[in-house]
Amino acid sequence: MQALATETQEIDTQNWVLTALLPWVYWTQQTDKTRKPHLKARYQQATSDAYDQLMADAMTLKLDDTQRQYWVHWCQWMCAKYQRTSSAVEGRNGYLSQRHQANRGFSAQSLKVLTIIHNFDLKRPDGTTAAQRLFGHPFPDLFEWILSTINELPMPRRSSKAHQTNPLHVELFPA
């Protein structure tokens, strides 16, 4: 949005670029990049739909060829810089990928625990958790809930080996 605002102050042109031209250029590039046949077919359909929307927009016909070509090149430049959100950087999968690198894998129980932490404890800047946003009501604080469910902790087990003194360590002088 900021890059577009530096190119033009005309709201009609900005809206045309964002809603008509940019989707067509983006899907065209994605279609060219992909090698998977099932994705290529879907991307081609999205490209076709975006092209129909582009041609149906009155602004497309208003601009001359030079202006249209300028905006196509600008959109290609923007799309080349744009990275689709990857699971490696965002959300639960991003969180797990960072944890996975540090710990070299997870057990099934660890994944369950991390999912609970993600859904009920990690908060956005507005203070809501994923579970609150999904279900529409607040949940108790996860840490407080866990503390309320834990009984008294058991005593540590005693070693089966008798305590042996080290013959090499002798205190000659009491402290």
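Where a number appears in this text, it was derived from the coordinates with a stated rule and is not lab data. All values reported here derive from a predicted model rather than from experimental measurement. Neighbour counts run over all protein chains shown; Cβ positions are idealised from the backbone, glycine included.
What the phi angles of region 69-75 give under the Karplus curve with 6.51, -1.76 and 1.60, with θ = phi - 60°, is a coupling list of 5, 4, 5, 5, 5, 5, 5 Hz, glycine and proline written as x. Is the C-alpha gyration tensor of region 1-90 telling us rounded, prolate or oblate? Criteria: a/c under 1.5 is rounded; beyond that, a/b larger than b/c is prolate, otherwise oblate. Judged from the Cα gyration tensor, region 1-90 comes out oblate (a/c at least 1.5, b/c at or above a/b). The trypsin sites (Lys or Arg not before Pro) of region 118-159 that DSSP puts in a loop, and whose beta carbon has at most 15 other beta carbons within 10 Å, are Arg157, Arg158.
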